[in-house]
Amino acid sequence: MPDRPPIPNVYAKPDNNRNAPAAVYFHVPFCLHRCGYCDFTLVARQDELIPSYLTALQNELAMLDRVYDVDTIFIGGGTPTHLTAAQLEQLLQLISNHFRLTSGGEFSIEANPDGLDDERLAPLADAGVNRLSLGVQSFDDNVLKTLERQHAGEEAIEVVYRAKERFANLSLDLIFGVPGQSMDVWQQTLATAMQLPLTHVSTYGLTFEKGTDFFSRLKHGSLAAVPDELERDMYGLAISELNGAGLQHYEISNFARPSSRCRHNQVYWAADEYFAFGPGAARYVNGIRSTNARNVSRWINAWLKNEVALQDHECLNAEQSAREAIYLGLRRVDGIDLAKFEARFGCSLADLAGESLDRNIAANNLEIVDASLRLTAEGRFIADSVVADFL
């Protein structure tokens with residue numbers, strides 16, 4: 001059997017010719033309940049693992065060679081706010097031991113409405129968190145029941161107002177295309193959201209990911225997907241209504257008030273490098289894309305022994321890096337500045353992917369406006385297939 005290639009040191013200090021990543025992601029894999037559509041790295045009702053997780057995270061962070069200054073910090077999950085207030089304080093202290101947020105930086109955390117009490121909100125604000133992203137998904141109780149969410153619509157509204165007292169930058173996630181969800185129900189959800197003091201809204205069409213309970217139920221006929229045309233119309237309504245309410249459509253799934261775009265996610269879409277820690281966390285450092293072990297117990301047990309726990313890794317060559325930049329950059333409504341792309345990668349986008357470019361422009365999926373390549377209004381409805389054409 002041939003020798004396996006060595007695992008690269010994905011925690012190494014940046015090469016001399018590279019800037020250190022200015023963004024960092026932390027994955028907290030704990031939830032009260034795994035919703036039937038969710039395929040994220042998480043465990044439910046295993047809170048006894050949290051102390052070991054925090055120790056393992058401390059050991060992973062110890063791989064860093066120094067304290068880094070970053071412009072964005074993002075804590076996702078799972079449900080980070082499922083941790084107790086004391087555990088949240090411990091997590092935030094671990095982060096501050098290794099990363100300093102620059103002046104004016106963005107510090108985000110994801111949260112679910114259920115269990116988000118003042119006892120948890122206070123240490124977040126005290127630690128400098130300045131952006132809260134709420135997994136509301138819907139304000140309709142029937143839709144929430146289908147999605148197996150643990151909160152009610154009125155509870156979500158109450159949490160938004162209470163959170164706004166501490167966090168000026170408030171975002172929420174909404175899901176459309178849910179089995180049994182009508183256009184009227186979706187329109188009312190959007191109307192409710194637009195009445196709330198929000199700075200950002202993310203809208204996602206429900207997907208049936210292989211390995212989830214929803215995928216199995218769809219396959220066996222106990223759950224039915226909404227018609228494609230209805231899902232398309234729901235997405236179109238979100239674009240129209242949210243834009244009309246002053247939330248600018250700036251990425252396929254994301255809308256924001258001026259100056260409130262998610263700066264952390266824009267690092268991903270710009271194909272810039274970033275740190276990441278925790279089970280299932282994906283990073284991009286020194287030209288290497290790597291993903292931590294997705295099995296939570298495996299990741300914890302490895303790091304309790306100070307052993308690196310990677311699921312996979314890939315060293316990108318120049319062409320791969322450029323193609324990824326196209327794939328990610330086209331997600332942005334503003335698209336890709338062609339001159340900046342050529343300056344960064346030393347080749348034009350047309351030279352690299354001329355056939356895909358010509359084909360999608362001819363099909364009215366892409367257009368060049370003000371020297372930038374972007375999805376057309378029609379292209380946004382089939383964005384996943386369009387951007388995949390460039391990989």
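The values are calculated or read from the model by the stated rules, or taken from the named source; none is laboratory data. Everything numeric in this text was worked out from a predicted model, so none of it was measured. For neighbour counting, all protein chains shown are included, and Cβ atoms are generated from backbone atoms with ideal geometry for every residue, glycine included. The area values use the complete protein model at the heavy-atom level, side chains included, leaving out ligands, DNA and RNA. Shrake-Rupley method; radii C 1.70, N 1.55, O 1.52, S 1.80 Å.
Here is a check on your reading of the model: is Tyr37 crowded, with 17+ Cβ neighbours inside 10 Å and assigned to a loop (DSSP other than H, G, I, E, B)?
yes
Is at least one residue of segment 368-376 among the polar types (S, T, N, Q), open to solvent by less than 60 Å² (accessible area, probe 1.4 Å) and in a helix (DSSP H, G or I)?
no
Considering segment 237-265 alone, what residues qualify as being in contact with a helix residue (DSSP H, G or I) (Cβ under 8 Å, 6 or more places away or on another chain) and either open to solvent by 40 Å² or more (accessible area, probe 1.4 Å) or free of Cβ contacts under 8 Å to residues at least 24 places away in the same chain (or both)?
Within segment 237-265, just Glu241 meets the criteria.
Identify, please: which residue in segment 166-181 is out of contact with any helix residue (DSSP H, G or I) (no Cβ under 8 Å at 6 or more places or on another chain), open to solvent by 20 Å² or more (accessible area, probe 1.4 Å) and at pLDDT 95 or above and is, among those, nearest to Asn112 (Cα to Cα)?
It comes out as Asp173.
Being within 24 Å of the chain's Cα centre (by Cα), over 22 Å from Ala377 (Cβ atoms), of a type in the set (D, E, K, R) and open to solvent by 50 Å² or more (accessible area, probe 1.4 Å) is the requirement here; does Asp184 meet it?
Taking the combined requirement at face value, the residue does not satisfy it.
Need a quick list: strands (runs of 3 or more DSSP E) entirely within segment 193-283 having at least 3 residues that are modelled with pLDDT of 95 or more, touching a Phe, Trp or Tyr at 6+ places or on another chain (Cβ under 8 Å) and over 30 Å from Asn306 (Cβ atoms).
By residue number, 200-205, 248-251.
If a residue has to be more than 20 Å from Pro258 (Cα to Cα) and either open to solvent by less than 10 Å² (accessible area, probe 1.4 Å) or under 21 Å from the mean Cα position of the chain (by Cα) (or both) to count, how many in segment 187-230 make the cut?
Counting residues in segment 187-230 that are more than 20 Å from Pro258 (Cα to Cα) and either open to solvent by less than 10 Å² (accessible area, probe 1.4 Å) or under 21 Å from the mean Cα position of the chain (by Cα) (or both) gives 11.
Report the residue count in segment 40-75 for those that are within 24 Å of Ala122 (Cα to Cα), surrounded by 17 or more Cβ atoms within 10 Å (Cβ to Cβ) and of a type in the set (Ser, Thr, Tyr).
The qualifying residues number 2.
For every residue, the table says whether it meets (1) within 18 Å of Asp228 (Cβ to Cβ); (2) within 21 Å of the chain's Cα centre (by Cα); (3) among the charged types (D, E, K, R).
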{"site": "Arg359", "(1), (2), (3)": "no, no, yes"}
{"site": "Asn365", "(1), (2), (3)": "yes, no, no"}
{"site": "Ile368", "(1), (2), (3)": "no, no, no"}
{"site": "Glu378", "(1), (2), (3)": "yes, no, yes"}
{"site": "Ile382", "(1), (2), (3)": "yes, yes, no"}
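Can you pull out the residues in segment 321-349 that are more than 22 Å from the chain's Cα centre (by Cα) and either open to solvent by less than 80 Å² (accessible area, probe 1.4 Å) or of a type in the set (S, T, N, Q) (or both)?
Within segment 321-349, Asp337, Leu338, Ala339, Phe341, Phe345, Gly346, Cys347, Ser348, Leu349 meet the criteria.
Check segment 268-288 and report whether any residue there is open to solvent by less than 10 Å² (accessible area, probe 1.4 Å) and closer than 20 Å to Ile368 by Cα.
Looking for residues that are open to solvent by less than 10 Å² (accessible area, probe 1.4 Å) and closer than 20 Å to Ile368 by Cα, one finds none in segment 268-288, hence no.
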